[in-house]
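Visitor: Here's a structure for you.
The values are calculated or read from the model by the stated rules, or taken from the named source; none is laboratory data. These numbers were taken from a predicted model, which means no experiment stands behind them. Here Cβ is always computed from backbone atoms with ideal geometry, including for glycine, and neighbour counts include all displayed protein chains.
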Amino acid sequence: MKAKPMTQTAKTPEITYSAFAVQDGRKGQKSYWTRIGRLFPHDDGKGQDLVLNALPVNGRIVIRQDEPREQGE
């Protein structure tokens with residue numbers, strides 16, 4: 001059987017996510033966000049891996065879509 005030639009497909013830009021431990025601020029102060037990991041999509045698009053570098057003390061993890069950085073940051 002003859003092998004099929006590999007076709008190149010246009011990849012859509014990969015959306016990346018970061019994991020944060022969030023501590024609520026006290027008495028009107030802002031919450032404190034600490035990046036603790038990343039979320040990576042599987043190649044087949046049917047799942048994701050959450051890779052953590054730390055664990056939150058309060059058990060709260062927030063996953064947020066990464067925003068593109070502006071030049072000069």
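Visitor: In segment 16-34, which residues are outside any loop (DSSP other than H, G, I, E, B) and within 10 Å of the chain's Cα centre (by Cα)?
Guide: Passing the criteria: Y17, S18, A19, F20.
Visitor: Name the residues in segment 35-56 that are among the small types (G, A, S) and in a loop (DSSP other than H, G, I, E, B), would you?
Guide: Within segment 35-56, G45, G47, A54 qualify.
Visitor: Let me ask you something else. In segment 1-33, which residue that is of a type in the set (G, A, S) and at pLDDT below 55 is farthest from N58 (Cα to Cα)?
Guide: Taking the candidates together, the pick is A3.
Visitor: State all residues of segment 49-68 that are closer than 13 Å to T16 by Cα and free of Cβ contacts under 8 Å to residues at least 12 places away in the same chain; if no residue qualifies, say none.
Guide: D49, E67, P68
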